[in-house]
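*Asks:* Starting off with a structure, shown below.
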Amino acid sequence: MLKETFELLNLPQCETYLKRLDLPWPGKADRAFLDTLMERHLTVVPFENLDTALFHLPVRLDTESLYEKIICQRRGGYCFELNALFLGLLRGLGYEAWPVGCRVLRHPGLPCIYHRASAVLLDGTPFFCDVGFGGICCSHAVELTPGAVAETDYAAFIVSREYRGWLNLHYVPRNTPEAEPLPLLMICEGPSAPQDFLSANEIMSSPDSPFSRRIIVQKLTPYGSWSINGDILTRHTASGTETVTLDSRKALAESLRRDFSLEI
């Protein structure tokens, strides 16, 4: 019964999804294609909260609404949207995958589950996949085994045991290799059902949520992330970091179109 609730895209939907990512249908649903799929997704489909912060619209989590928004309208979304539709793609491509709830470890104490990601089983080993965090994230799958380390161009990601059924994900930025690992997420090893995230989505998309108070947009590039935070655009390029103030609706629209391929 639980598995029947997981998102699942049909063949035409998967083909159109892959077309947006400019990727072919995989010859095999394996680790190599999964890593390619994740990195391409983070590059092409931005994390964005325009519905809540700019348009003041409800965030709909049913698969058809997500497919229409992210694939047909070529928009982005936040974790409950991006990782939900991505799970539908993974399962449609033949991966054994399920949704997992996460606690974001930004502040001291034990936070509620306000983040959704996915787990994928490959040759009997589960891997963590996240294309909807909107912050520091691993651009490929992370083995969900205590002691596992995933290396990227930007950071090293380290998995450790928290308690029964829960794992911690820490990271060390590349520019500070001797630093103590920084906490990022606490990940539930067991599967959740999509409806488990409805209440968190309602809270995160409410007028009082930080996601409704300022615009947040982010995508991955070869030189690091590009982002809009409020009215500040930050771009990491080959020549360094650029910061621009978006002082009008026109400037915002131009940046969204030019830097993130988003039309508003």
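*Asks:* Would it be correct to say that Ile158 is part of a strand (DSSP E or B) and out of contact with any Cys (no Cβ under 7 Å at 6 or more places or on another chain)?
*Replies:* So Ile158 passes the test.
*Asks:* What are the pairs with Cβ atoms under 7 angstrom where one residue, in segment 80-94, is among the polar types (S, T, N, Q) and the other, located anywhere, is crowded, with 24+ Cβ neighbours inside 10 Å? Sequence gap at least six, or different chains.
*Replies:* Asn83/Arg116; Asn83/Ala117; Asn83/Ser118; Asn83/Asp130; Asn83/Val131; Asn83/Gly132
*Asks:* Still on this structure, please answer the following. Can you list residue pairs whose Cβ atoms sit under 9 Å apart, with the first residue in segment 123-137 being over 24 Å from Gly94 (Cα atoms) and in contact (Cβ under 8 Å) with a residue 40 or more places away in the chain and the second being assigned to a loop (DSSP other than H, G, I, E, B) and of a type in the set (Asp, Glu)? Count only pairs 6 or more apart in sequence or on different chains.
*Replies:* Close Cβ pairs (under 9 Å, with a partner that is assigned to a loop (DSSP other than H, G, I, E, B) and of a type in the set (Asp, Glu)) amount to Cys137/Asp130.
*Asks:* Follow-up. Conditions: (1) buried (at least 21 other Cβ atoms within 10 Å of the Cβ); (2) touching a strand residue (DSSP E or B) at 6+ places or on another chain (Cβ under 7 Å); (3) assigned by TED's automatic domain parsing to the domain that holds Thr43; (4) in contact (Cβ under 8 Å) with a residue 60 or more places away in the chain. Val142 meets all but one. Number of the miss?
*Replies:* Of the numbered conditions (1) buried (at least 21 other Cβ atoms within 10 Å of the Cβ); (2) touching a strand residue (DSSP E or B) at 6+ places or on another chain (Cβ under 7 Å); (3) assigned by TED's automatic domain parsing to the domain that holds Thr43; (4) in contact (Cβ under 8 Å) with a residue 60 or more places away in the chain, the odd one out for Val142 is (4).
*Asks:* Only one of Ser212, Ser206 is touching a residue at least 40 places away in the same chain (Cβ under 8 Å), of a type in the set (S, T, N, Q), out of contact with any Phe, Trp or Tyr (no Cβ under 6 Å at 6 or more places or on another chain) and at negative phi; which?
*Replies:* Criteria check complete, one pass: Ser212.
*Asks:* Of the residues Thr36, Thr16, Thr52, which is in contact (Cβ under 8 Å) with a residue 12 or more places away in the chain, closer than 15 Å to Gly134 by Cβ, of a type outside the set (A, V, I, L, M) and outside any loop (DSSP other than H, G, I, E, B)?
*Replies:* When all the criteria are applied, what remains is Thr52.
*Asks:* Within segment 109-131, work out how many residues are under 16 Å from Leu185 (Cα atoms) and in contact with a strand residue (DSSP E or B) (Cβ under 8 Å, 6 or more places away or on another chain).
*Replies:* Of the residues in that region, 14 qualify.
*Asks:* Pick from Asp208, Asp153: which is more than 28 Å from Thr36 (Cβ to Cβ) and part of a loop (DSSP other than H, G, I, E, B)?
*Replies:* Exactly one of Asp208, Asp153 is more than 28 Å from Thr36 (Cβ to Cβ) and part of a loop (DSSP other than H, G, I, E, B), namely Asp208.
*Asks:* Could you please tell me which pairs satisfy a Cβ distance under 8 Å, a separation of 6+ or placement on different chains, a first residue in segment 182-202 that is on the phi > 0 side of the Ramachandran plot, and a second residue that is surrounded by fewer than 18 Cβ atoms within 10 Å (Cβ to Cβ) and of a type outside the set (Val, Ile, Thr)?
*Replies:* As it stands, the answer is none, since no pair meets every condition given.
*Asks:* For Glu178, are the conditions met, namely being assigned by TED's automatic domain parsing to the domain that holds Leu8, acidic (Asp, Glu) and either modelled with pLDDT under 95 or more than 30 Å from Glu96 (Cβ to Cβ) (or both)?
*Replies:* yes
The values are calculated or read from the model by the stated rules, or taken from the named source; none is laboratory data. Nothing here was measured: the structure is a model prediction, and the numbers come from that model. Cβ: placed from backbone, ideal geometry, glycine included. Neighbour counts: every protein chain shown.
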